[in-house]
Amino acid sequence: MKLLTLAIAVVSTVIVLSVTAQETVNPGGLATIRGVATIDETRPAEKLKRVIKDKNPIARNYVHQPPVVPHQIRGYRVDLNSNKCLSCHSWKYAAETGATKISLTHFETRDGKTLSDVSPRRYFCSQCHVTQADAAPLVDNTFEPVESLGNE
(Lines give C-alpha, C1' and ligand atoms only; values in the text may rest on other atoms or scores of the structure.)
Protein backbone atom coordinates (compact mmCIF):
# COMPACT_ATOMS: atom_id res chain seq x y z
CA MET A 1 0.00 0.00 0.00
CA LYS A 2 2.87 2.37 0.87
CA LEU A 3 4.53 1.58 -2.45
CA LEU A 4 1.32 2.41 -4.38
CA THR A 5 0.93 5.71 -2.51
CA LEU A 6 4.57 6.61 -3.19
CA ALA A 7 4.20 5.78 -6.90
CA ILE A 8 1.06 7.94 -7.20
CA ALA A 9 2.83 10.83 -5.44
CA VAL A 10 5.85 10.61 -7.77
CA VAL A 11 3.70 10.46 -10.91
CA SER A 12 1.58 13.41 -9.71
CA THR A 13 4.71 15.47 -9.01
CA VAL A 14 6.15 14.72 -12.45
CA ILE A 15 2.89 15.71 -14.16
CA VAL A 16 2.62 18.98 -12.19
CA LEU A 17 6.26 19.88 -12.90
CA SER A 18 6.00 19.13 -16.63
CA VAL A 19 2.83 21.23 -17.00
CA THR A 20 4.44 24.11 -15.08
CA ALA A 21 7.63 23.88 -17.16
CA GLN A 22 5.70 24.00 -20.43
CA GLU A 23 3.93 27.16 -19.33
CA THR A 24 7.13 29.03 -18.38
CA VAL A 25 9.60 27.89 -21.05
CA ASN A 26 9.49 29.11 -24.63
CA PRO A 27 8.89 25.86 -26.57
CA GLY A 28 11.68 25.86 -29.16
CA GLY A 29 12.03 29.61 -29.65
CA LEU A 30 15.21 31.43 -28.71
CA ALA A 31 15.21 35.16 -28.02
CA THR A 32 18.48 36.83 -29.04
CA ILE A 33 19.62 40.27 -30.12
CA ARG A 34 18.54 39.31 -33.66
CA GLY A 35 15.01 38.42 -32.47
CA VAL A 36 13.08 35.24 -31.78
CA ALA A 37 13.73 32.19 -33.96
CA THR A 38 12.90 28.53 -33.63
CA ILE A 39 15.61 25.90 -33.78
CA ASP A 40 14.53 24.54 -37.17
CA GLU A 41 14.34 28.01 -38.75
CA THR A 42 17.19 29.34 -40.87
CA ARG A 43 17.13 33.10 -41.00
CA PRO A 44 18.96 35.12 -43.65
CA ALA A 45 22.11 36.87 -42.48
CA GLU A 46 21.95 40.59 -41.88
CA LYS A 47 23.52 42.89 -44.44
CA LEU A 48 27.15 43.72 -43.71
CA LYS A 49 27.61 47.01 -41.90
CA ARG A 50 29.38 49.81 -43.71
CA VAL A 51 32.97 50.09 -42.55
CA ILE A 52 34.24 53.60 -41.98
CA LYS A 53 36.65 54.61 -44.74
CA ASP A 54 40.10 55.95 -43.86
CA LYS A 55 39.57 57.90 -40.68
CA ASN A 56 41.93 59.30 -38.08
CA PRO A 57 42.84 56.89 -35.27
CA ILE A 58 39.87 56.17 -33.02
CA ALA A 59 40.26 56.97 -29.30
CA ARG A 60 40.76 54.07 -26.91
CA ASN A 61 38.56 53.55 -23.87
CA TYR A 62 40.86 51.64 -21.53
CA VAL A 63 44.55 50.96 -21.00
CA HIS A 64 45.94 48.16 -23.22
CA GLN A 65 42.91 48.27 -25.53
CA PRO A 66 43.99 47.17 -29.00
CA PRO A 67 43.40 50.09 -31.39
CA VAL A 68 40.37 49.81 -33.64
CA VAL A 69 41.18 49.74 -37.35
CA PRO A 70 39.88 52.99 -38.89
CA HIS A 71 39.69 51.65 -42.46
CA GLN A 72 38.41 48.72 -44.53
CA ILE A 73 40.45 45.49 -44.35
CA ARG A 74 38.22 43.18 -46.39
CA GLY A 75 40.44 41.29 -48.79
CA TYR A 76 43.60 41.85 -46.74
CA ARG A 77 45.66 38.70 -46.75
CA VAL A 78 47.07 37.71 -43.37
CA ASP A 79 48.36 34.17 -43.34
CA LEU A 80 51.53 32.21 -42.70
CA ASN A 81 53.21 33.57 -45.86
CA SER A 82 52.11 37.20 -45.92
CA ASN A 83 50.62 39.99 -43.84
CA LYS A 84 49.06 42.90 -45.75
CA CYS A 85 48.86 45.02 -42.57
CA LEU A 86 52.65 45.08 -42.25
CA SER A 87 53.02 46.60 -45.73
CA CYS A 88 51.90 49.91 -44.15
CA HIS A 89 52.18 49.54 -40.37
CA SER A 90 55.63 47.96 -40.03
CA TRP A 91 58.40 50.19 -38.73
CA LYS A 92 60.04 49.99 -42.15
CA TYR A 93 57.08 51.46 -44.10
CA ALA A 94 55.05 53.48 -41.56
CA ALA A 95 56.89 56.77 -42.16
CA GLU A 96 56.37 56.71 -45.94
CA THR A 97 52.74 55.52 -45.78
CA GLY A 98 51.69 57.73 -42.87
CA ALA A 99 50.29 54.73 -41.00
CA THR A 100 50.61 54.16 -37.27
CA LYS A 101 53.63 52.01 -36.40
CA ILE A 102 52.93 48.71 -34.69
CA SER A 103 53.72 48.76 -30.99
CA LEU A 104 57.07 47.60 -29.66
CA THR A 105 55.14 45.00 -27.67
CA HIS A 106 54.50 43.19 -30.96
CA PHE A 107 58.20 42.28 -31.11
CA GLU A 108 58.26 40.59 -27.68
CA THR A 109 58.02 36.87 -27.09
CA ARG A 110 55.98 35.30 -24.34
CA ASP A 111 59.16 35.15 -22.25
CA GLY A 112 59.86 38.88 -22.68
CA LYS A 113 62.69 38.54 -25.23
CA THR A 114 62.72 41.17 -27.97
CA LEU A 115 62.87 39.87 -31.55
CA SER A 116 64.07 41.64 -34.70
CA ASP A 117 60.71 40.98 -36.39
CA VAL A 118 57.07 40.69 -35.31
CA SER A 119 56.52 37.95 -32.75
CA PRO A 120 54.53 34.97 -34.05
CA ARG A 121 51.99 35.49 -31.27
CA ARG A 122 51.30 39.03 -32.56
CA TYR A 123 51.47 38.32 -36.31
CA PHE A 124 47.75 37.71 -36.95
CA CYS A 125 46.45 41.25 -36.48
CA SER A 126 42.69 40.59 -36.63
CA GLN A 127 42.89 38.44 -33.50
CA CYS A 128 42.84 41.68 -31.52
CA HIS A 129 42.24 44.54 -33.97
CA VAL A 130 38.82 44.95 -35.59
CA THR A 131 37.40 47.41 -38.08
CA GLN A 132 35.01 50.06 -36.86
CA ALA A 133 31.59 49.71 -38.47
CA ASP A 134 29.05 52.48 -38.87
CA ALA A 135 26.42 50.69 -36.78
CA ALA A 136 24.16 51.52 -33.87
CA PRO A 137 24.97 49.80 -30.55
CA LEU A 138 23.18 46.48 -30.09
CA VAL A 139 22.51 47.06 -26.40
CA ASP A 140 22.46 50.08 -24.09
CA ASN A 141 25.89 50.86 -22.72
CA THR A 142 26.86 53.15 -19.86
CA PHE A 143 30.59 52.45 -20.07
CA GLU A 144 32.81 55.49 -19.50
CA PRO A 145 36.49 55.56 -20.49
CA VAL A 146 39.14 55.91 -17.83
CA GLU A 147 39.93 59.51 -16.96
CA SER A 148 43.68 59.13 -17.46
CA LEU A 149 43.30 58.58 -21.21
CA GLY A 150 41.85 62.06 -21.63
CA ASN A 151 38.86 60.90 -23.73
CA GLU A 152 35.91 63.24 -23.71
Tell me, please, whether a residue that is touching a helix residue (DSSP H, G or I) at 6+ places or on another chain (Cβ under 7 Å), surrounded by fewer than 10 Cβ atoms within 10 Å (Cβ to Cβ) and at pLDDT 85 or above can be found in the range 97-115. yes
For residue 147, the lone unmet condition from (1) outside the structural domain of residue 69 (by TED's automatic domain parsing); (2) under 17 Å from residue 54 (Cβ atoms) is (2)
Among the residues of the range 85-95 satisfying the criterion of being part of a helix (DSSP H, G or I) and touching a helix residue (DSSP H, G or I) at 6+ places or on another chain (Cβ under 9 Å), which is surrounded by the most Cβ atoms within 10 Å (Cβ to Cβ)? 89
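The values are calculated or read from the model by the stated rules, or taken from the named source; none is laboratory data. In this text, all values refer to a predicted model and were calculated from it rather than measured experimentally. Cβ atoms come from the backbone with ideal geometry, glycine included; neighbour counts cover every protein chain shown.
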